[in-house]
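K.L.:
Here's a structure for you.
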Amino acid sequence: MKIRFHGVRGSIPSPGAHTVRYGGNTTCIEVRSDTNDLIILDAGTGIFPFSHKLLPEVPLTANIFISHTHWDHIQGLPFFTPVFIPGNTVNIHGPQDPITQRELSEVLSRQMEYAYFPIREAELKAKLNYISLKERQTVAIGSARITNILMNHPVINFGYKVECGPKSMFFTGDHEWPINIYKPEDDYYNEFEVHIAQQRCAIIDFIRGTDVLITDTAYTEKEYTAKKGWGHGTFRSSILLAREAMVKRCYFTHHEPTRSDEALESAFAKALAENGVGKGDPEFFLAREGEAFDW
């Protein structure tokens, strides 16, 4: 299995001299199975430069898995070059909106209306297939199996586990651990605490033992106090998740767009020190655009 990062920033693209080392594109992760099946996790702006590198593989089949439909995770999709080339097949998987009951195809096709984009979806030359996923559904892509689990974000967000033989990785999409909406003196406080603990256990059990964890790590603990409920993790929450799930390697991603590369490295080093990361812990890394590894 091979993984390459094509976009690691969160919320909005942030190109410039201050982000050149880790990259300014929003979320897009390439995963290749042992038989070279193409799996793409999220379609942020990073999918546009990535699509140019795919041209030598045309005609191709691309399997895109959308964690959720917030714009920083889908806005590169209309610019994914293979959709304009006859003979290509693009399979787009993702969650259905249970509130509006809108299918994935309806949600994604909206950004290709003339009000937002000059080319209509009907004018694309590749074959597009939309697949709305249910929670805990498994999809087979060649030699790989992709299974989702519901995470915690202000819109339905699936985390994806990709397994290929004995190898495995997990991507959280955007995720914030639930917080108790009641005060300790309220009647439902203890009941909600139990619910939160059950959710946490379910997610950790799902991830447990994976080789690679790629997790939303947007904020420092100080920043998080003003951003509770925004749906994102912290350096500390990511470290604790990696430890509890006993993963081998953990990559922090969805970097805060206003944070420079230098500030990002400083926050990372401080978090490792404050949380006592050392021997016996998973390996921790900052996700970097263009970086690839296999195992």
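K.L.:
Under 7 Å between Cβ atoms, which residue pairs at least 6 apart in sequence (or on different chains) link something in segment 53-64 that is under 12 Å from THR81 (Cα atoms) with a partner that is open to solvent by less than 50 Å² (accessible area, probe 1.4 Å) and β-branched (Val, Ile, Thr)?
P.N.:
The qualifying pairs are LEU55/THR81; VAL58/ILE85; ALA62/ILE40; ALA62/VAL90.
K.L.:
With respect to ALA242, determine if the residue is part of a helix (DSSP H, G or I), small (Gly, Ala, Ser), touching a strand residue (DSSP E or B) at 6+ places or on another chain (Cβ under 7 Å) and modelled with pLDDT of 95 or more.
P.N.:
yes
K.L.:
Which pairs turn up if I take residues in segment 229-254 that are on the phi < 0 side of the Ramachandran plot and look for partners that are among the small types (Gly, Ala, Ser) and part of a loop (DSSP other than H, G, I, E, B) with beta carbon separation below 6 Å, at least 6 apart in sequence or on another chain?
P.N.:
If the second residue must be among the small types (Gly, Ala, Ser) and part of a loop (DSSP other than H, G, I, E, B), the pairs left are HIS232/ALA218; TYR251/ALA287; THR253/ALA287.
K.L.:
Step by step: first the residues of segment 208-239, then only those that are of a type in the set (S, T, N, Q) and either touching a strand residue (DSSP E or B) at 6+ places or on another chain (Cβ under 7 Å) or closer than 22 Å to PHE293 by Cβ (or both), then the one that is surrounded by the fewest Cβ atoms within 10 Å (Cβ to Cβ). Which residue is that? Talk me through it step by step, then tell me what you get.
P.N.:
If we filter segment 208-239 for residues that are of a type in the set (S, T, N, Q), which is where we start, we get 210, 215, 217, 220, 225, 234, 237-238.
Now drop any that are not either touching a strand residue (DSSP E or B) at 6+ places or on another chain (Cβ under 7 Å) or closer than 22 Å to PHE293 by Cβ (or both), which leaves 210, 215, 217, 220, 234, 238.
Numbers: THR210: 22, THR215: 26, THR217: 32, THR220: 20, THR234: 23, SER238: 25.
Within segment 208-239, the match that is surrounded by the fewest Cβ atoms within 10 Å (Cβ to Cβ) is THR220.
K.L.:
While we're looking at this one, here's another question. Do the conditions hold for ASP72, that is, is it charged (D, E, K, R), in a helix (DSSP H, G or I) and in contact (Cβ under 8 Å) with a residue 60 or more places away in the chain?
P.N.:
Details: charged (D, E, K, R): yes; in a helix (DSSP H, G or I): yes; in contact (Cβ under 8 Å) with a residue 60 or more places away in the chain: yes.
Considered against the rule, which asks whether it is charged (D, E, K, R), in a helix (DSSP H, G or I) and in contact (Cβ under 8 Å) with a residue 60 or more places away in the chain, ASP72 comes out as yes.
K.L.:
So PRO56 clears everything in (1) of a type outside the set (Asp, Glu); (2) in a strand (DSSP E or B); (3) over 27 Å from ARG136 (Cβ atoms) except one condition, right? Which one?
P.N.:
If we test PRO56 against (1) of a type outside the set (Asp, Glu); (2) in a strand (DSSP E or B); (3) over 27 Å from ARG136 (Cβ atoms), just (2) comes out false.
K.L.:
Assess whether VAL90 counts as being in contact (Cβ under 8 Å) with a residue 60 or more places away in the chain and either assigned to a loop (DSSP other than H, G, I, E, B) or open to solvent by less than 20 Å² (accessible area, probe 1.4 Å) (or both).
P.N.:
Criteria not met by VAL90.
K.L.:
Scan segment 8-42 residue by residue and report those that are over 21 Å from CYS250 (Cα atoms), aliphatic (A, V, I, L, M) and without any contact (Cβ under 8 Å) to a residue 60 or more places away in the chain.
P.N.:
ALA17, LEU38
K.L.:
So which residues in segment 82-103 are of a type outside the set (D, E, K, R), modelled with pLDDT under 90 and on the phi < 0 side of the Ramachandran plot?
P.N.:
Keep residues of segment 82-103 that are of a type outside the set (D, E, K, R), which gives 82-96, 98-101.
This time we only want the ones that are modelled with pLDDT under 90, so: 96, 98-101.
Within segment 82-103, GLN96, PRO98, ILE99, THR100 meet the criteria.
K.L.:
What residue, of TYR130, TYR116, is surrounded by 14 or more Cβ atoms within 10 Å (Cβ to Cβ) and out of contact with any Lys or Arg (no Cβ under 7 Å at 6 or more places or on another chain)?
P.N.:
The match here is TYR130.
K.L.:
Right, something else. Being in contact with a strand residue (DSSP E or B) (Cβ under 8 Å, 6 or more places away or on another chain), of a type in the set (Ser, Thr, Tyr) and assigned to a loop (DSSP other than H, G, I, E, B) is the filter here; which residues of segment 101-156 pass it?
P.N.:
The one that is in contact with a strand residue (DSSP E or B) (Cβ under 8 Å, 6 or more places away or on another chain), of a type in the set (Ser, Thr, Tyr) and assigned to a loop (DSSP other than H, G, I, E, B): SER143.
K.L.:
To continue, here is another question. Answer yes or no: is there a residue in segment 195-204 that is closer than 21 Å to ASN152 by Cα and surrounded by 20 or more Cβ atoms within 10 Å (Cβ to Cβ).
P.N.:
yes
The values are calculated or read from the model by the stated rules, or taken from the named source; none is laboratory data. Predicted, not measured: the structure shown is a model, and the values here were computed from it. Neighbour counts are summed over all protein chains in view; Cβ atoms, including those assigned to glycine, are modelled from backbone coordinates with ideal geometry. Protein only, heavy atoms only, side chains kept; ligands, DNA and RNA dropped before computing areas. Shrake-Rupley method; radii C 1.70, N 1.55, O 1.52, S 1.80 Å.
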